[in-house]
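The values are calculated or read from the model by the stated rules, or taken from the named source; none is laboratory data. Model, not experiment: these values are computed from the prediction. All Cβ positions, glycine included, derive from the backbone under ideal geometry; neighbour counts span all protein chains shown. Keep in mind that these areas ignore ligands, DNA and RNA; they rest on the heavy atoms of the full protein, side chains included. Shrake-Rupley method; radii C 1.70, N 1.55, O 1.52, S 1.80 Å.
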Amino acid sequence: MEKSKRLFIKSKRSFRRRLPPIQSGDRIDYKNMGLICRFISEQGKILSRRVNRLTLKQQRLITIAIKQARILSSLPFLNNEKQFEKSESTDKITTLRKKK
């Protein structure tokens, strides 16, 4: 009996409560670029609610702010820095081939 009881006892692990990503004083707005940039991936995509640890209301406001910033061209729609670097290197190769 004792072995079967041990299986069902949950271990008591201590855990550290995470701080919310948006403080109560932070204003969710398209002008607040420091706040908005935390919720965008390296590729320029809006991160999900689970990744951000936001409430539904906060996620909606963040999404609207990001879209407004993109329309006003404060933020790029896509982050193509890596593709831009590759295209520069291919341009150099093609110009070298043409010279020969």
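Starting from region 46-74, keep only residues that are at negative phi, then list their pairs with residues that are among the hydroxyl-bearing types (Ser, Thr, Tyr) and open to solvent by less than 50 Å² (accessible area, probe 1.4 Å) whose Cβ atoms are within a distance under 8 Å, requiring at least 6 positions of separation or different chains.
Final answer for the pair search is Ile46/Thr63; Leu47/Ser41.
For region 28-62, give me each residue that is of a type in the set (Lys, Arg) and out of contact with any Lys or Arg (no Cβ under 8 Å at 6 or more places or on another chain).
Lys31, Arg38, Lys45, Arg49, Arg50, Lys57, Arg60
Would it be correct to say that Leu35 is closer than 23 Å to Arg18 by Cα, in a loop (DSSP other than H, G, I, E, B) and of a type outside the set (Val, Ile, Thr)?
no
Of all residues in region 69-100, count the ones that are open to solvent by less than 80 Å² (accessible area, probe 1.4 Å) and either in contact with a strand residue (DSSP E or B) (Cβ under 6 Å, 6 or more places away or on another chain) or modelled with pLDDT of 85 or more (or both).
Counting residues in region 69-100 that are open to solvent by less than 80 Å² (accessible area, probe 1.4 Å) and either in contact with a strand residue (DSSP E or B) (Cβ under 6 Å, 6 or more places away or on another chain) or modelled with pLDDT of 85 or more (or both) gives 5.
Please name all residue pairs, on different chains or six or more residues apart, with Cβ atoms under 7 Å, provided the first residue is in region 23-36 and is more than 15 Å from Thr55 (Cα to Cα) and the second residue is open to solvent by 50 Å² or more (accessible area, probe 1.4 Å) and modelled with pLDDT of 90 or more.
As it stands, the answer is Tyr30/Gln68; Tyr30/Leu72, since those pairs meet every condition given.
Quick test of your reading of the structure: Ile22 fulfils all but one of (1) open to solvent by 80 Å² or more (accessible area, probe 1.4 Å); (2) part of a loop (DSSP other than H, G, I, E, B); (3) hydrophobic (A, V, I, L, M, F, W, C). Name the failing condition by number.
With respect to (1) open to solvent by 80 Å² or more (accessible area, probe 1.4 Å); (2) part of a loop (DSSP other than H, G, I, E, B); (3) hydrophobic (A, V, I, L, M, F, W, C), Ile22 is out only on (1).
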